[in-house]
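Participant: I have a structure here, written as structure tokens, and I will follow up with some questions on it.
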Amino acid sequence: MSIRRIAIFIAVNAIVAAIVVLVVLSIWDAGRSSIQPAPTVVPRPIARATSQSIAATATPIVPRSYIVQAGDTPISIATGLGISVDDLLSANHLKEGDILNIGQELIVPAAGFTPDVATATPLVVATTRPNPTPAATLAGGLLVTIRQIDGLGDVANESVVLTNLGGKVNLSGWTLSDGEGHKYTFPDLTLLPNAEAHVHTTVGTDSAVDLFWGQASAMWSGSGTIAYLRDPSGKLMATYRVP
């Protein structure tokens, strides 16, 4: 056999062998791709409610606060905030005779507050400066306050200034006292909204805006003396503390 034929034979065998190898590899690769591994399922953790998580997501009932203003009374505070006087007293552990000063912070109980009946007694609010900033009141609400006392210690000029921050009210039978046995009883006098009346310590003739107690000496000269304003039933409506 010639060298040429031998070369051709070897080349043909090489080509055939390459084709066979390619066919085998193709079949093997196709079989491999058809078998896909099952995906790995990673379980998600189940959230469990705990007392801490419940507490964190619950909306807390947080009491508001209120700063005592000049001229405030139990009715003005409670009415303006939409709560009862009893609830306000209980939330602040107040009892009859307690004195509050301007600027003092009061806790305002939130909805659902359970009052302590034992401490639900009238609140005494002492004011020590004029020009009150009144709380909001219901339409026609009763809100008479002691705005200031003029001419302290001077019987000729001394007078208690009342301001009506609510609806029209007749002061007949109301009383003004100093807590030491001196009491003035109001005559038939109608006080319109935003109107003022002056109760003068000295002697004089009453008018629509000026009333006269008829005392011979000053009533409000002592620092710390408290003026009490009460309605005909004796309910405390306002106080004012002499600075």
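Participant: Add +1 for every Lys or Arg and -1 for every Asp or Glu among the other residues with Cβ under 14 Å from the Cβ of V199, and state the total. Walk me through the intermediate numbers first.
Facilitator: Working: positive: R147, K183, R230; negative: D150, E158, D178, E196, D206, D210.
Charge balance near V199 sits at -3.
Participant: Could you give each residue of segment 175-182 its phi-based ³J(HN,Hα) in whole Hz, using Karplus coefficients 6.51, -1.76, 1.60 with θ = phi - 60°, and x for Gly or Pro?
Facilitator: Per-residue couplings from phi come out as 10, 10, 9, 10, x, 10, x, 8 Hz.
Participant: Could you run the Karplus curve 6.51 cos²θ - 1.76 cosθ + 1.60 with θ = phi - 60° over segment 187-197 and give me ³J(HN,Hα) per residue in whole Hz, x for Gly and Pro?
Facilitator: With the stated coefficients, segment 187-197 comes to x, 6, 9, 9, 10, 7, x, 6, 8, 10, 9 Hz.
Participant: Residues with amide H under 5 Å of G153's amide H, sequence separation 5 or more or different chain, H placed in the peptide plane at 1.01 Å from N; which?
Facilitator: The answer is M219, W220, S221.
Participant: Okay, moving on. Please report the accessible area of W28 (heavy atoms, 1.4 Å probe, ligands and nucleic acids excluded) in Å², nearest 10.
Facilitator: Ignoring ligands and nucleic acids, W28 comes out at about 150 Å².
Participant: Quick one: which residues, 5 or more positions from R147 or on another chain, have an amide H under 5 Å from its amide H? H modelled 1.01 Å from N in the peptide plane, none for Pro or chain starts.
Facilitator: Here V161, L162, T163 satisfy the definition.
The values are calculated or read from the model by the stated rules, or taken from the named source; none is laboratory data. Given the structure is predicted, the values throughout are model-derived calculations rather than measurements. Here the Cβ is made from the backbone with ideal geometry for all residues, glycine too, and neighbour counts use every protein chain on show. These area figures cover heavy atoms from the full protein model, side chains too; ligands, DNA and RNA do not enter into them. Shrake-Rupley method; radii C 1.70, N 1.55, O 1.52, S 1.80 Å.
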